[in-house]
1. Read phi for every residue in segment 144-161 and hand back ³J(HN,Hα) as whole Hz from Karplus 6.51 cos²θ - 1.76 cosθ + 1.60, θ = phi - 60°, with x for Gly and Pro.
2. Over segment 63-130, what per residue volume does the convex hull of the Cα atoms give, in whole Å³?
3. When only C-alpha pairs under 8 Å and at least 6 residues apart count, what is the relative contact order of the chain, in percent?
4. With 32 Å as the limit, write out which pairs from K41/K131; K59/K99; K41/K99; K69/K163; K99/K131; K27/K99 have Cα-Cα distances beyond it, or answer none.
5. Which GluC sites (Glu not before Pro) in segment 65-147 sit in a loop by DSSP (not H, G, I, E or B) and have at most 14 other Cβ atoms within 10 Å of their own Cβ?
6. Given an 8 Å cut-off on Cα distances and at least 6 residues of separation, report the relative contact order of segment 3-57 as a percent.
7. Of all the stretches in the chain, which is the longest one without any exposed loop site, taking trypsin sites (Lys or Arg not before Pro) in a DSSP loop (any state but H, G, I, E, B) with at most 15 other Cβ atoms within 10 Å?
8. Counting each DSSP H run of 4 or more residues in the chain as -39500 (n - 2.57), what helix-only mean residue ellipticity at 222 nm follows after dividing by all residues, to the nearest 500 deg cm²/dmol?
Amino acid sequence: MGTDENLQTAFAGESQANRKYTAFSRKAEQEGFTNIAQLFKAAAEAETVHALSHLRTMKQVESTNENLKTALEGEVYEHNKMYPEFIKEAESENRNSAKITFNYANQVEKVHADLYQRAIDAINTGKDIEKTQYFVCQTCGYTAEGESPDTCPVCGSPKQRFKLVE
């Protein structure tokens, strides 16, 4: 394995550690361990610093237009190929909770693809997208523009499960 592969592996590992430590922090908070939660948050932030450094070193952060195209390509791949295959395999193994989480992600990737395509269309005319607020369902990840819906169209969660992205 060469340095480029090592950078990619390190980026993936640091990215996963960030998300894992974020989950660990939330669990510690739920259990009343606020100081341990803060430790996990600090470690998660450090992992983000590492991941972003690796990504920059790999020269994978380009112009906004190129970044949008890369993001769109990833979302389309996930909802057209990756998640349908994962859902099918989870069904064949009777892994209902895995099927549900894959299905939620698959439906939301379609929304993200649409949002990215609209941003590409705007940037191709030399404009930014219109200012809006985004709300994310904390059950399935559905991303709503403007305001949160009364009920999530993907998982059925109530309005209270949406978090404003700041």
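Computed from the coordinates by the stated procedures, all read-outs in this text should not be read as laboratory data. Note that this is a predicted model, so its numbers are computed, not measured. Cβ sites come from the backbone with ideal geometry, for glycine too, and all protein chains shown count toward neighbours.
1. Taking θ as phi minus 60°, the curve returns 9, 9, x, 7, 7, x, 4, 9, 5, x, 9, 10, x, 5, x, 3, 5, 7 Hz for segment 144-161.
2. Values: hull volume 4.6 nm³, N = 68.
Hull volume normalised by residue count: 68 Å³.
3. On the way: 181 pairs, mean separation 24.8, N = 166.
Computed value for the chain: 15 percent relative contact order.
4. Details: K41/K131 29 Å; K59/K99 35 Å; K41/K99 29 Å; K69/K163 26 Å; K99/K131 35 Å; K27/K99 24 Å.
Violating the 32 Å limit, Cα to Cα: K59/K99; K99/K131.
5. E93, E130, E147
6. Details: 50 pairs, mean separation 26.3, N = 55.
Once normalised by length, the contact order is 48 percent.
7. Details: sites that count: K59, R95, K127, K131.
After excluding every exposed loop site, the longest remaining stretch is 1-58.
8. Working: 5 runs with 104 residues, N = 166.
When only DSSP H runs of four or more count, the value is -21500 deg cm²/dmol.
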